[in-house]
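The next block holds one structure in the form of structure tokens; read it before the comments.
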Amino acid sequence: MPEKAQQLSMEVVEALRLLKRGQELTSALRPSSRAPGSLHWSWAPVRAERLRRLSGFAPLRLPARSTTGQREVLAVPGREGEPRLVVDQDGQAVTSLFAVFYLPQHLHWRQARTSSVLRADVTAIYVQEADDRPWPLSMIHRRHNLDADGLPVPVKAGGDCVVVEVGGTAVGVQADLSGAVSVGWSVSPTGQDGRRWNVTLLTRRSAVDAVQLVQDAGLLSSASSPVD
């Protein structure tokens, strides 16, 4: 955690305030008829120490002061609450994907759904080992996001998404009419020889507050390359 919270630059704040809320997050996160998106169904809760062993680094978590009235659930992919892990070449269970959910106290794990962030006071952090996709541009949900050559279409100012630089880190932000905001960035934890992880945070806050939350929590401190 930083000793003193740093305020976002005026340039970043202005870019975030210019965001127009769209409907792409609603479209991407709404539950389907066959798979309603129950968190209990597709994730399995784990303790922080086990998650650290499975992923190789301490999980990204929000400070308690930022999640008043919510309870934290750390989870790995699973089915009906049972972990589904892979085994590495040394025979050790590992995961390349995990999540940290902050749920209202009254919302039972078995009743929580991935779309809850669209309509309730839920915050979710998804962390996945990076691949060759351009990040954080690829975390932005768009119906038409590729050009004729199959390359990501540049983000334009005044739309529902933007990529800004916060403390030398490329941060993607998308706002939705539902009130949800998505924030994406990459981290390279120390001791992992340059291994990168892509992070997406979903929350019901303003875009400015969401990015400020991420910075204040120190979640950008081991991030990847800045915006070109």
Once the piece of chain linking Q192 and R53 is laid out straight, how much longer is it, given 0.36 nm per residue of separation minus the C-alpha distance between them? 48.8 nm
Per residue accessible area of region 5-139, 1.4 Å probe, in Å²: 58 Å²
Sequence-distant or interchain residues sharing an amide H contact under 5 Å with V166, placed H: which? V171
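Expressed in nm to one decimal, what extension gain is obtained for the pair V94 and L177 from 0.36 nm per residue of sequence separation less their Cα-Cα distance?
On the way: separation 83, 0.36 × 83 = 29.88 nm, distance 3.69 nm.
Length difference between fully extended and current span is 26.2 nm.
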Tell me, what is the 1.4 Å probe accessible area of S116, in Å² to the nearest 10? 10 Å²
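If r is the Cβ-Cβ distance from Q23 to E82 and R0 is 45 Å, what FRET efficiency results, to the nearest 0.05?
Values: r = 34 Å, r/R0 = 0.77.
That gives a FRET efficiency of 0.85.
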Quick one: if you take sqrt(5λ) for each eigenvalue of the C-alpha gyration tensor of region 48-149, what semi-axes come out, biggest first, whole angstrom? 24, 23, 14
Under 5 Å, built H, 5+ apart or other chain: amide partners of V122: R204
Calc'd 3J(HN,Hα), region 72-88, phi into Karplus 6.51 cos²θ - 1.76 cosθ + 1.60 (θ = phi - 60°), Hz, glycine/Pro = x, comes to 8, 10, 8, 8, 10, x, x, 9, 6, x, 9, x, 10, 10, 9, 10, 7
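The values are calculated or read from the model by the stated rules, or taken from the named source; none is laboratory data. Note that the coordinates shown come from a computational prediction; the quantities given were computed from them, not determined experimentally. Note: ideal-geometry Cβ built from the backbone for every residue, glycine included; neighbour counts use all protein chains shown. To get the accessible areas, we keep the full protein, side chains included, count just its heavy atoms, and leave off ligands, DNA and RNA. Shrake-Rupley method; radii C 1.70, N 1.55, O 1.52, S 1.80 Å.
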